[in-house]
Amino acid sequence: MNQEQPVLLAYLFSENFEVFTEREREFLLFLSCVIWKSVFRTFGSQATVTETHLSAAEDHNWGLLEAVTARQFRERMTVFFDEHPAEEELLAFVEDAILDDEESPVTKEGREPIFVSLKSIVDCLLLPNLT
């Protein structure tokens, strides 16, 4: 990943993620690798993600989430599933992985930011293959 998608790796180790617990950061890295490998195995090597593309995807996703009025996590995430149905499987994987249960290392406070970060990565890797 460091050789093929250095911007994604730098993003995951940026100071933006220092607010998460160590376990959340490790889990975020793991989920990002699973997403990257899944897209790679399905579509082959990807064009290198740029900082501009990643930043635009993240800004867009935060904008979508800010417009949501629902309070429950799953209901709030519906907007992302509706926008690009082709991303449904990867987003469902992310949603299930970060839900509040005994096995998930993700805190209630970390769920939405982690989901938005991973959704932005999915957008950068998957959407160019679907157009």
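The values are calculated or read from the model by the stated rules, or taken from the named source; none is laboratory data. Quick caveat, the model's predicted, so the values are computed rather than measured. Glycine also receives a Cβ, built like all others from the backbone with ideal geometry; neighbour counts cover every protein chain displayed. Side chains included, ligands, DNA and RNA excluded: accessible areas come from the protein's heavy atoms. Shrake-Rupley method; radii C 1.70, N 1.55, O 1.52, S 1.80 Å.
Are any residues in the range 14-31 among the aromatic types (Phe, Trp, Tyr) and surrounded by 13 or more Cβ atoms within 10 Å (Cβ to Cβ), and if so, which ones? Spell out how you get there, then give the answer.
Residues of the range 14-31 that are among the aromatic types (Phe, Trp, Tyr), as a first pass: 17, 20, 27, 30.
Across the range 14-31, the qualifying residues are Phe17, Phe20, Phe27.
Within the range 70-88, take every residue that is surrounded by 12 or more Cβ atoms within 10 Å (Cβ to Cβ) and of a type in the set (D, E, K, R) and give me the one that is nearest to Leu130 (Cα to Cα).
Glu87
Restricting the search to the range 43-58, which residues are without any contact (Cβ under 8 Å) to a residue 24 or more places away in the chain, assigned to a helix (DSSP H, G or I) and loosely packed, with under 12 Cβ neighbours inside 10 Å?
Selection gives Thr52 alone.
Scan the range 107-118 residue by residue and report those that are within 10 Å of the chain's Cα centre (by Cα) and in contact (Cβ under 8 Å) with a residue 60 or more places away in the chain.
Result: Pro113, Ile114, Ser117, Leu118.
Of (1) over 16 Å from Val116 (Cα atoms); (2) modelled with pLDDT of 95 or more; (3) out of contact with any helix residue (DSSP H, G or I) (no Cβ under 7 Å at 6 or more places or on another chain); (4) of a type outside the set (Phe, Trp, Tyr), Gly63 satisfies all except one. Which?
Here Gly63 meets the rest and fails (1).
Test Pro128 against the criterion of being open to solvent by 60 Å² or more (accessible area, probe 1.4 Å) and in contact (Cβ under 8 Å) with a residue 12 or more places away in the chain, and give yes or no.
Considered against the rule, which asks whether it is open to solvent by 60 Å² or more (accessible area, probe 1.4 Å) and in contact (Cβ under 8 Å) with a residue 12 or more places away in the chain, Pro128 comes out as yes.
Just give me the residues in the range 81-97 being free of Cβ contacts under 8 Å to residues at least 24 places away in the same chain and either outside any helix (DSSP H, G or I) or of a type outside the set (D, E, K, R) (or both), in sequence order.
Phe81, Pro85, Ala92
Conditions (1) small (Gly, Ala, Ser); (2) closer than 14 Å to Glu58 by Cα, marked per residue:
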residue	(1), (2)
Met77	no, no
Phe80	no, yes
Ala86	yes, no
Glu89	no, no
Leu118	no, yes
Asp123	no, yes
Pro128	no, no
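Using the structure shown, decide if Ser117 is in a helix (DSSP H, G or I) and open to solvent by 20 Å² or more (accessible area, probe 1.4 Å).
Here the answer is no, as Ser117 does not meet what is asked.
Within the range 32-42, how many residues turn out to be open to solvent by less than 50 Å² (accessible area, probe 1.4 Å) and among the hydroxyl-bearing types (Ser, Thr, Tyr)?
2
Restricting attention to the range 100-114, which residues are surrounded by 14 or more Cβ atoms within 10 Å (Cβ to Cβ) and either part of a helix (DSSP H, G or I) or modelled with pLDDT under 90 (or both)? Write out each step before concluding.
First pass over the range 100-114, keeping only residues surrounded by 14 or more Cβ atoms within 10 Å (Cβ to Cβ): 104-107, 110-114.
Scanning the range 100-114 gives Ser104, Gly110, Arg111, Glu112, Pro113, Ile114.
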